[in-house]
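Contents: one structure, followed by commentary.
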Number of protein chains: 2
Amino acid sequence: MAYGLAVVVTLAGVVPASGQSDEEASPIFGIRIPSGYRDWRLISVAHEEGSLNDLRAILGNDVAVKASQEGKLPYPDGTIIARLAWRYDPLEESEKAFGRSQSFVAGPPRNGVQFMVKDSRKYASTGGWGFAQFDDGKPAGEAMQSTCFPCHATVKSRDFVFNRYAP
Amino acid sequence: MAYGLAVVVTLAGVVPASGQSDEEASPIFGIRIPSGYRDWRLISVAHEEGSLNDLRAILGNDVAVKASQEGKLPYPDGTIIARLAWRYDPLEESEKAFGRSQSFVAGPPRNGVQFMVKDSRKYASTGGWGFAQFDDGKPAGEAMQSTCFPCHATVKSRDFVFNRYAP
């Protein structure tokens, strides 16, 4: 059994930082919400426009953060990257002070929480990565989960990871 | 000596996570860059439009994160909140795929790193908070540092802190 899978199995069924219990594994890749992911260190931040309309944070477990900092590819087995997102809300006090939109902050959670789990053997057919999205603690359906890899394939040259460590 | 000051003094002169050495305290409030702040846990994320034009992350030491999560005011002495910011960069691959701007990510550091340090006695005249900005590891000048408190006074009802914990 490869290391990445071992990590996921060990963490399975634990109540996540969000306080929602999650006993259910995602379809296709069989990923569960890693315990304590909300307390992981920050890799980077992002904003999605359009219908996604969110502010997001990319957090990583220790393996992920070390690999991101070093910038060496591919990411080692055991890497778990978490993508959190929140509604893109104007900051009321700022808008009042400037008389126009200026500051945008994280509102309530939005667009689920996503994970990438590196296990080069278990997930060999998808670049060594398992992908999962959870909405309110529940795994999204198979149709949604199947969209992850084709999009991440765009950045195959960066081992399928869009984000870079923000210093 | 109050706890908040003790923390800052203890951490003085240590090489920060950015790798830049910083022996210099900021004017007015005498704050030094806290060691290891880049590895602190995430409180929230934000985007500033206009000339600031950045993506930012709000990180906190353990006291800050606990207080943010609980949402109880005022923040206790010993709280340190860090504001990091990076250039607001379109993600090249996303722009190509969508044929328009869609995803924005953190570029190089921008607009300095800022800290709020709670010490209700030392900083009694500014709501119990000391404020500092560092550009490339060096404290910004007195003129810049003096702009912090008047702006944060806008959110006096939230103990002068703009951000809220993003769940």
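The values are calculated or read from the model by the stated rules, or taken from the named source; none is laboratory data. None of these values were measured; they are calculated from a predicted model. With ideal geometry, Cβ positions are generated from the backbone for all residues, glycine too; neighbour counts draw on all protein chains shown. When the accessible area is computed, the model is the full protein with side chains, heavy atoms only, and any ligands, DNA or RNA have been set aside. Shrake-Rupley method; radii C 1.70, N 1.55, O 1.52, S 1.80 Å.
Do the conditions hold for B:F104, that is, is it in contact with a strand residue (DSSP E or B) (Cβ under 7 Å, 6 or more places away or on another chain), surrounded by 16 or more Cβ atoms within 10 Å (Cβ to Cβ) and either modelled with pLDDT under 95 or facing another protein chain (nearest Cβ under 8 Å) (or both)?
In short, yes.
Cβ contacts < 7 Å: first residue of a type in the set (V, I, T), restricted to the stretch B:102-129; second residue open to solvent by 20 Å² or more (accessible area, probe 1.4 Å) and part of a loop (DSSP other than H, G, I, E, B), any location; separation 6+ or different chain. Result?
Partner pairs satisfying both residue conditions: B:V105/A:N163.
Quick check, is B:S44 open to solvent by less than 10 Å² (accessible area, probe 1.4 Å) and at the interface with chain A (Cβ under 8 Å from one of its Cβ atoms)?
yes
For the list (1) in contact with a Pro (Cβ under 6 Å, 6 or more places away or on another chain); (2) open to solvent by less than 50 Å² (accessible area, probe 1.4 Å); (3) away from chain B (no Cβ under 14 Å), I need the number of the one condition that A:A140 fails.
Answer for A:A140: the failing condition is (1).
Looking at A:K156, is it within 14 Å of chain B (Cβ to nearest Cβ), of a type outside the set (V, I, T), more than 20 Å from A:H47 (Cα to Cα) and open to solvent by 50 Å² or more (accessible area, probe 1.4 Å)?
Yes.
So which residues in the stretch A:66-84 are within 13 Å of the chain's Cα centre (by Cα) and either more than 9 Å from every other protein chain (Cβ to nearest Cβ) or surrounded by fewer than 24 Cβ atoms within 10 Å (Cβ to Cβ) (or both)?
Result: A:T79, A:I80, A:I81, A:A82, A:R83.
For the stretch A:45-64, which positions are among the small types (G, A, S) and under 25 Å from B:V63 (Cβ atoms)?
Answer for the stretch A:45-64, where residues must be among the small types (G, A, S) and under 25 Å from B:V63 (Cβ atoms): A:A57, A:G60.
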